[in-house]
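Trainee: Okay, here's the structure, questions in a sec.
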Amino acid sequence: MARLDVTEIFHGISYPGHLHTQDSLHHALKFPFQDTDVLIVSYPKSVGTTWMQEIVTLISSRGDPHLSQSSPNWTRAPWLEQYYCADLLKSSTSTPRVLTTHLPHDLLGPALQESKGQIIYVSRNPKDVLVSFYHFHKMANFLPDPGSFPEFLHQFLEGTLHFGSWFDHIKGWTSQAAALNLLHVTYEEMSKDLRGTINRVSSFLQRPLLEHELNNCVKHCSFSCMKDNKMINYSLIPDEILDHSKGCFMRKGEIGDWKNMFTGEQNRYFDTVFKSKMQDCILKFVWEKPEN
Ligand code: PPS
């Protein structure tokens, strides 16, 4: 499917038509979750997606990288709302099923109500999300032209980019953590303590690892290993869809890269909107790379 210039609008949110159809989005809302399902949830560019897909794959295989090096991430942890998911699941026998989604809780909540599936929500400080998303727009031909950085920043804060509002996404999911079987992990804690995070995720999934299995997981989830793994670095995607001459999916993987893009004025604008939209939220964010 290559509907590169098509946008699907669903419940007021834009999605790239390259991967989403009205049918696939409707299908996600009625998805029959199983209690054994593992669902990775993130707003795009929160790292939740790719990094957590790799972590969960490696935990499931007890640190053996065979699957993560032979099967693309979108087949081993498909996006629920994308058009190929239903067919893929029909032919898949893997248990537990690992699924991924960028949908907001408002939309997916009802389908999850009866489920005891395990949900892993991954978040990242939104200034870095915004910068990563901006660079990704430049190479992703299925997303609109990002325009100038100030324009993009404004749209992010207004919640009008594809995939909707970051603010609604994080508040919607994390406010339901107690009602759902949900583990909240941040990009910043993954960066700071990958080993500890993998341990936390493996305990949550009730799949404790032996020392050498954990060591293997840590090794294969490192930025450098993932950057070289074509099953996760998106180099398999043709240039007309992802223009590899304009960037790299595994770009920098750093905390605080926003400082290289934001002017002082843009930072003040961001902080003002952030303060007002997050006043009802107790989450704390790490904005800068901790020294050492
Ligand atoms: S997507 O498009 O929603 O699936 O993207 P997502 O995977 O959520 O986010 C992509 C960013 O995650 C970074 N990344 C990593 N950083 C550190 N270590 C590891 N292992 C890792 N894996 C992915 C990737 O580089 C993107 O961030 P930026 O800031 O653009 O580098």
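Trainee: Within a 10 angstrom radius of the beta carbon, how do Arg207, Arg76 rank from fewest other beta carbons to most? Intermediate results must be reported in sequence, preceding the final value.
Mentor: On the way: Arg207 15, Arg76 24.
In order of increasing Cβ crowding within 10 Å: Arg207, Arg76.
Trainee: Next question, about the same structure. Quote the charge dipole size of segment 135-292 about the Cα centre in Debye, to the nearest 20; the model charges only the Cβ of Lys and Arg (+1) and of Asp and Glu (-1).
Mentor: On the way: 18 positive and 20 negative charges, 69 e Å.
Magnitude of the dipole: close to 320 debye.
Trainee: Take every Cα pair under 8 Å in segment 112-208 that's 6+ residues apart, average their separations, divide by the length, and report that relative contact order as a whole percent.
Mentor: That works out to 40 percent.
Trainee: So for His27, His105, His20, fewest C-beta neighbours within 10 Å to most, what's the order? Before the final figure, lay out each step's value.
Mentor: On the way: His27 16, His105 22, His20 25.
Fewest to most other Cβ atoms nearby, the residues stand as His27, His105, His20.
Trainee: Something else about it: Check the straight Cα-Cα distances from Lys230 and name the lysines below 18 Å, setting aside those fewer than 8 residues away within the same chain.
Mentor: Of all the lysines, those that pass the test against Lys230 - Cα under 18 Å, at least 8 places apart if same chain - are Lys219, Lys246, Lys252.
Trainee: Considering the alpha-carbon set of segment 1-76 alone, what are its Rg and its Dmax in angstrom?
Mentor: Every Cα atom of segment 1-76 included, Rg and Dmax give 15.0, 42 Å.
Trainee: When only C-alpha pairs under 8 Å and at least 6 residues apart count, what is the relative contact order of the chain, in percent?
Mentor: 24
Trainee: Can I ask one more? Any idea what the dipole of the chain comes to, in debye rounded to 20, about its Cα centre with Lys/Arg Cβ at +1 and Asp/Glu Cβ at -1?
Mentor: Details: 28 positive and 32 negative charges, 105 e Å.
Once rounded to the nearest 20, the dipole reads 500 debye.
Trainee: Rounded if a/c is under 1.5, else prolate if a/b beats b/c, else oblate: with a ≥ b ≥ c from the C-alpha gyration tensor eigenvalues square-rooted, which is segment 72-184? Could you put the intermediate results ahead of the total?
Mentor: Working: a/c = 2.42, a/b = 1.42, b/c = 1.71.
Verdict is oblate for segment 72-184.
Trainee: Moving on to the next point. Taking the number of other C-beta atoms within 10 Å as the exposure measure, put Ser222, Ser46 in order starting with the fewest.
Mentor: So the residues, fewest neighbours to most, are Ser222, Ser46.
Trainee: Report the calculated FRET efficiency for Leu29 and Asn260 (r = Cβ-Cβ distance, R0 = 41 Å), to the nearest 0.05.
Mentor: On the way: r = 39 Å, r/R0 = 0.94.
Calculated value: 0.60.
Trainee: Classify the chain as rounded, prolate or oblate, taking a ≥ b ≥ c as the square roots of the eigenvalues of its Cα gyration tensor: rounded when a/c is under 1.5, otherwise prolate if a/b is larger than b/c and oblate if not. Please report the intermediate quantities before stating the final value.
Mentor: Numbers: a/c = 1.28, a/b = 1.17, b/c = 1.09.
Rounded.
Trainee: Pick out, from Gln82, Ile120, Phe133, the residue whose Cα sits farthest towards the positive end of the charge dipole of segment 79-139, with +1 on the Cβ of Lys and Arg and -1 on the Cβ of Asp and Glu.
Mentor: Phe133
Trainee: With both partners inside the chain, how many of the DSSP beta bridges are antiparallel, as a percent to the nearest 5? Can you show the working numbers first?
Mentor: Values: 5 of 20 bridges.
Around 25 percent of the beta bridges assigned by DSSP in the chain are antiparallel ones.
Trainee: Okay, moving on. Along the charge dipole of the chain, which of Asn181, Ser60, Ser94 sits closest to the positive end, that is, farthest toward it, with unit charges on the beta carbon of Lys, Arg, Asp and Glu (+1, +1, -1, -1)?
Mentor: Towards the positive end, the residue furthest out is Ser60.
Trainee: Looking at the square roots a ≥ b ≥ c of the eigenvalues of the Cα gyration tensor of segment 184-263, which shape do they give, rounded for a/c under 1.5, prolate if a/b is larger than b/c, or oblate?
Mentor: Working: a/c = 2.69, a/b = 1.51, b/c = 1.78.
Oblate.
Trainee: If you don't mind, another one. Ignoring everything except DSSP H segments at least 4 long, calculate the 222 nm mean residue ellipticity for the chain; use -39,500 (n - 2.57) per segment, divide by total residues, nearest 500.
Mentor: Details: 14 runs with 124 residues, N = 292.
Using -39500 (n - 2.57) per qualifying helix, the result is -12000 deg cm²/dmol.
Trainee: To make sure I understand the rule: partners must be aspartates and glutamates, Cα under 19 Å from the Cα of Lys192, and not fewer than 8 residues away in the same chain. Which ones qualify?
Mentor: In chain and number order, the partners are Glu54, Asp128, Glu254, Asp257, Glu288, Glu291.
Trainee: Would you be so kind as to identify which of Leu39, Ile237, Phe274 lies farthest towards the positive end of the dipole of the chain, taking Lys and Arg as +1 and Asp and Glu as -1 on Cβ and the Cα centre as origin?
Mentor: Value computed over the given set: Leu39.
No lab work stands behind these numbers, since they all come straight from the coordinates. For clarity, every value in this text was computed on a predicted model and none was experimentally measured. Using ideal geometry, Cβ is built from the backbone for each residue, glycine included, and neighbour counts are taken over all protein chains shown.
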